[in-house]
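One structure is given here, and the rest of the page talks about it.
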Amino acid sequence: MHCEATQLMTAARSGDEEAFEALFLKIRGVAIQSARSLVGSHADALDMTQEAFIKAYRARDSYDPDQPFLPWFHRILRNTCFSFLRKRGRARSTSLHTVDSDGESHTLQLEDESAPSPSDRFVAEERREHFEVALERLSSTDREILVLRHYQELSYREISEALEIPQGTVMSRLFHARKRLRVHLAPRIEDLLSQPSDRGRSPR
């Protein structure tokens with residue numbers, strides 16, 4: 001996705017409007033995911049994403065085709081979200097969801113659930129619920145860097161460019177964000193793992 005997005009933006013910079021439309025459709029989902037990690041509301045994330053794409057299109061002549069597109073675009077999206085939050089006066093908490101290419105929100109899957117047993121489904125659902133609660137307790141800074149690394153799969157260098165911070169700071173923030181997430185996750189996950197395997201089955 002990274003290379004294709006860069007190629008499409010390069011074409012759009014040269015005047016290919018269809019390329020920009022294709023770029024919009026390709027990365028709209030992950031853009032909404034990033035915006036939601038910052039502003040909280042799915043509806044607000046949709047608005048911020050649309051505004052960021054408009055800004056990116058207007059600034060297309062300033063885009064350097066020798067640089068990857070996604071970090072460049074994330075800076076625009078991030079600044080758009082922060083401007084919105086400043087007007088609101090505060091950051092808003094949110095749970096983290098995946099977003100498909102159409103912008104529809106879905107709960108993160110924490111494990112492979114192909115043909116699960118009833119007890120597996122029960123435990124998986126509790127894990128997902130606890131995962132969302134844990135993410136809600138993180139700061140927007142923690143959520144953002146986890147989204148960029150683990151769900152958009154940006155490299156440390158690309159995150160560094162997107163957030164305009166040194167790579168060493170990226171690594172430090174990721175380390176502490178993961179640590180704080182584990183603190184919130186660990187007690188409940190351990191409790192779930194210690195539960196009898198037949199929990200959630202209908203009594204005979």
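The values are calculated or read from the model by the stated rules, or taken from the named source; none is laboratory data. Since the model is a prediction, treat every value here as computed from it, not as a measurement. Heads up, the Cβs are rebuilt from the backbone with ideal geometry, glycines too, and the neighbour counts pull from every protein chain shown.
Quick notes
- Summed over the range 139-158, the residues that are over 19 Å from L181 (Cα atoms) and touching a residue at least 40 places away in the same chain (Cβ under 8 Å) give a count of 2.
- Selection within the range 34-46 - surrounded by 15 or more Cβ atoms within 10 Å (Cβ to Cβ) and either assigned to a helix (DSSP H, G or I) or over 12 Å from the mean Cα position of the chain (by Cα) (or both): S34, A35, R36, S37, L38, V39, H42, D44, A45, L46
This table checks each residue for (1) touching a Phe, Trp or Tyr at 6+ places or on another chain (Cβ under 8 Å); (2) modelled with pLDDT of 90 or more; (3) of a type in the set (F, W, Y).
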{"position": "C3", "(1), (2), (3)": "no, no, no"}
{"position": "L8", "(1), (2), (3)": "yes, yes, no"}
{"position": "A19", "(1), (2), (3)": "no, yes, no"}
{"position": "S37", "(1), (2), (3)": "no, no, no"}
{"position": "M48", "(1), (2), (3)": "yes, yes, no"}
{"position": "Y57", "(1), (2), (3)": "yes, yes, yes"}
{"position": "D61", "(1), (2), (3)": "no, yes, no"}
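- Candidate set: the range 56-71, residues that are free of Cβ contacts under 8 Å to residues at least 12 places away in the same chain and in a loop (DSSP other than H, G, I, E, B); chosen: the one surrounded by the fewest Cβ atoms within 10 Å (Cβ to Cβ): D66
- The range 31-55: number of residues that are touching a residue at least 40 places away in the same chain (Cβ under 8 Å) and within 16 Å of T6 (Cα to Cα): 1
- Filtering L192, L146, L185 for residues that are at pLDDT 80 or above, surrounded by 14 or more Cβ atoms within 10 Å (Cβ to Cβ) and of a type in the set (A, V, I, L, M) leaves a single hit, L146.
- Test result for A52, under 15 Å from the mean Cα position of the chain (by Cα), small (G, A, S) and crowded, with 21+ Cβ neighbours inside 10 Å: no
- In the range 18-30 there is no residue matching the filter, namely being of a type in the set (G, A, S), buried (at least 19 other Cβ atoms within 10 Å of the Cβ) and free of Cβ contacts under 8 Å to residues at least 60 places away in the same chain.
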